[in-house]
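Since the structure comes first, as structure tokens, the remarks are kept for the end.
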Amino acid sequence: MTTTDETRSPGALEAELERMLAVETFDPPAGFTRRGPIDADVAAAAADPVAFWADKARELLTWDKPFTKVLNEENPPFYKWFEDGELNLSANCLDRHVDAGNGDRVAFHWAGEEGERLAVTYADLLAETQRLANGLRSLGVGRGDVVGIFLPMIPQVAAAMLACARIGAVHNVVFGGFAATAVKERMEVSDAKVLITVDGARRKGRTAPVKSAVDAEMGELASLEHIIVVEAVGAAGLGGQRAPMKAGRDVWYADLLAAADPVCPAEPMPAEAPLFILYSSGSTAKPKGILHTTGGYLLGATYTYRAVFDLDPATDVYWCSADVGWITGHSYIVYGPLANGATSVMYEGAPDYPDYDVWWKLIDEYKVTVFYTAPTAIRACIKWGAEYPDRHDLSSLRLLGTVGEPINPKAWLWYHKVIGGERCPIVDTWWQTETGAIMISPIPGVTSTKPGSATRPLPGYSPALVTEDGQPLSEGVGVLVVTKPWPSMLRTLYKDDERFVETYFSRFGPTTYLVGDAARLDADGYFWIIGRIDDVINVSGHRLSTAEVESAIVAHEAVAEAAVVAQADEQTGQAIVAFVTLSGGRIGDDATVAELREHVAARIGKLARPKRIIWADDLPKTRSGKIMRRLLRDVAEGRALGDVTTLRDPAVMAALATKVAEAG
Ligand code: PRX
């Protein structure tokens, strides 16, 4: 128990948190002593960031061929880092630890949702990775080929990513919560040659067939030659029948490994060789294929992991509760921790199954020292109550982190007090799929924190605030940019250089990266992220585009038109509100709401289901026909309507406001 039941009575906790809300700044907890020195990094990066990164690349990574060129800035924004160097990322994550005598160290303590436990050592992971790499080769996969990965949180997901990296194939991981339609779309646009998936996935005591759902969508894909299937739930989990397999195309993961040679030397890859594509939402319906390359990306993940999580690989146990299908999983479940030789927990299940205390139980069981999660998850835990964490001994924790969205001070304080026992620094880490690695974050043990602020840039990064027309701001509210290239920056959008330049490097020119967030900079140089400035919605820390959801909704035969906006939500940060006009005078009812929500779940995934659907006879449009989402947001959030005179039909808004008020 972290505290007595008395101090944890809900009323007392509430009062304590209220009191703490008045505290603006929290100094590093006295009992926390930083292990890794950081002052020299701060000084070196400030003096010469390029030289700093070159030094770190030599210090932290193992190169097959050392680089002589650090940064090529001849053709911005197409920057190249360490371009004449060669290295292999799986060798950096696996072989070098095994070679150093740490093969027996646990890479992942895997916890299955029905209580299964598995310890995967570095030697185990290396063995599995080599076989799978050879298996992929036997299916014709080579350098530059794209391999899709659609797997739940099972250890094979890490092996799959590393096996691709081992032979120079490019992985394209799709979040396990996405629908098969979204998987197909991502395989199609990336010309994936092979897809690695699973027979079925468990979630809260139920099993959903995955392979058959994938099959139903994947039929016509010309590029896709093979599907590798991990048998995770077996016939028993699928109602008595193993997953369907198509002769000549599909192969069981276990069979592929059994037939494969156990030795697969890691291929030295040019530092700028593509490592992975990760699709993320932008302002149009078409997801953006964010492309990361080998050397720079690994350096970003490796260095920031060390700087931010201050980990001693020999003694710490780290746990990031994200899904590997997001960038957080790529950088801080797989590459950052493994490159540093860390021991991590990988958990298959949900935070509320079998009970609300499962996370805290795991922290106690594995004596987790560093825990990294999302504000939305913390808010859910607050709702469930402090009694669940209080059932367990959380005294092993020394450091806590958050990512994905701004954290509200109340959630920060609860995390600090109830989970961290007031002795753990909290690192609120700001970054993006595009940045590849954490860019703004407190340095634990050094930076004083202010709840709700990601604080200051890490060494080597240059985020800055500018006005709408690009003038630098030293304080106030503005648009977030990054003024200098950094090693783990995205290199382009897959097969779409034009969109890459247009999205990130057109507004302020080719050397200033446009983040897409608005932020405030305070007098101490602390960044406070406000939110997106584009049509991207952040639901529970997951990025979705309004256009993507709209296009899924209008694909329904009953829908004539739809406009999607975000509404502030206590639980999920933002929630999706859809204004929908039905075709042919159809009247929307509860059944139609359910049908539309289901329809969106089937096309994108459950996370994209609108929380509210409002039937609209008409949508507010400008004279040129553009939907004014700003007004819809005002109406959804119950604000007074602003200027409606630019609308083609100003009466539309009044009608909508009445509808929303009626709907409650
Ligand atoms: O708006 C910012 C928000 O999440 C966006 C990036 O989303 P994604 O690429 O999916 O990556 C999420 C995980 C790195 C950002 O543009 N965001 C991320 N972290 C924070 C945040 N907003 C505020 N505070 C954060 N710590």
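The values are calculated or read from the model by the stated rules, or taken from the named source; none is laboratory data. Quick caveat: nothing in here was measured; it's all calculated off a predicted structure. No Cβ is skipped: glycine too gets one built from the backbone with ideal geometry, and neighbour counts run over all protein chains shown.
Within the stretch 513-546, the only residue that satisfies the criterion of being of a type in the set (Lys, Arg) and more than 9 Å from the ligand (Cβ to nearest atom) is Arg520. Each residue in the stretch 578-592 was checked for being surrounded by fewer than 17 Cβ atoms within 10 Å (Cβ to Cβ) and in a helix (DSSP H, G or I), and 5 pass. Number of residues in the stretch 628-648 that are assigned to a loop (DSSP other than H, G, I, E, B) and out of contact with any helix residue (DSSP H, G or I) (no Cβ under 7 Å at 6 or more places or on another chain) equals 9. Flag set for Phe500, criterion: assigned by the TED database to the domain that holds Glu405 and part of a helix (DSSP H, G or I). Go through the stretch 228-255 and report how many residues are under 16 Å from Leu151 (Cβ atoms), assigned to a loop (DSSP other than H, G, I, E, B) and touching a residue at least 40 places away in the same chain (Cβ under 8 Å). Here the count works out to 2. Can you find a residue in the stretch 370-381 that is surrounded by 19 or more Cβ atoms within 10 Å (Cβ to Cβ) and at positive phi? Among the residues of the stretch 370-381, not one is surrounded by 19 or more Cβ atoms within 10 Å (Cβ to Cβ) and at positive phi, which makes the answer no.
When the residues of the stretch 414-433 are filtered to those that are without any contact (Cβ under 8 Å) to a residue 40 or more places away in the chain and farther than 19 Å from Phe527 by Cα, the one that is nearest to the ligand (Cβ to nearest atom) is Tyr415. With respect to Phe508, is the statement that it is more than 13 Å from the ligand (Cβ to nearest atom) and under 21 Å from the mean Cα position of the chain (by Cα) true? Answer is no for this residue. Test Asp534 against the criterion of being closer than 17 Å to Leu632 by Cα, outside any strand (DSSP E or B) and of a type outside the set (Val, Ile, Thr), and give yes or no. In short, yes. Under the condition of being in a loop (DSSP other than H, G, I, E, B) and either within 14 Å of the ligand (Cβ to nearest atom) or in contact with a Ser or Thr (Cβ under 8 Å, 6 or more places away or on another chain) (or both), the residues counted in the stretch 265-294 number 10.
If I filter the stretch 539-547 for residues that are under 23 Å from Met653 (Cα atoms) and either out of contact with any Cys (no Cβ under 9 Å at 6 or more places or on another chain) or among the β-branched types (Val, Ile, Thr) (or both), do I get at least one hit? So far as the stretch 539-547 goes, yes, one or more of its residues are under 23 Å from Met653 (Cα atoms) and either out of contact with any Cys (no Cβ under 9 Å at 6 or more places or on another chain) or among the β-branched types (Val, Ile, Thr) (or both). Put simply, of Gly148, Gly140, Gly205 the only residue that is surrounded by 19 or more Cβ atoms within 10 Å (Cβ to Cβ), in the same structural domain as Thr343 (by the TED database) and not hydrophobic (A, V, I, L, M, F, W, C) is Gly148.
Residue by residue, here is whether (1) among the hydroxyl-bearing types (Ser, Thr, Tyr); (2) over 23 Å from Ala133 (Cα atoms) holds:
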| residue | (1), (2) |
| --- | --- |
| Glu217 | no, yes |
| Ile227 | no, no |
| Ala235 | no, yes |
| Trp252 | no, no |
| Asp255 | no, no |
| Ala260 | no, no |
| Glu272 | no, no |
| Phe276 | no, no |
| Ser281 | yes, yes |
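Among the residues of the stretch 549-568, some residue qualifies, meaning at least one is outside the structural domain of Ala180 (by the TED database), under 27 Å from the mean Cα position of the chain (by Cα) and surrounded by fewer than 16 Cβ atoms within 10 Å (Cβ to Cβ). When the residues of the stretch 295-323 are filtered to those that are part of a loop (DSSP other than H, G, I, E, B) and within 13 Å of the ligand (Cβ to nearest atom), which remaining residue is surrounded by the most Cβ atoms within 10 Å (Cβ to Cβ)? Here the answer is Ala322.
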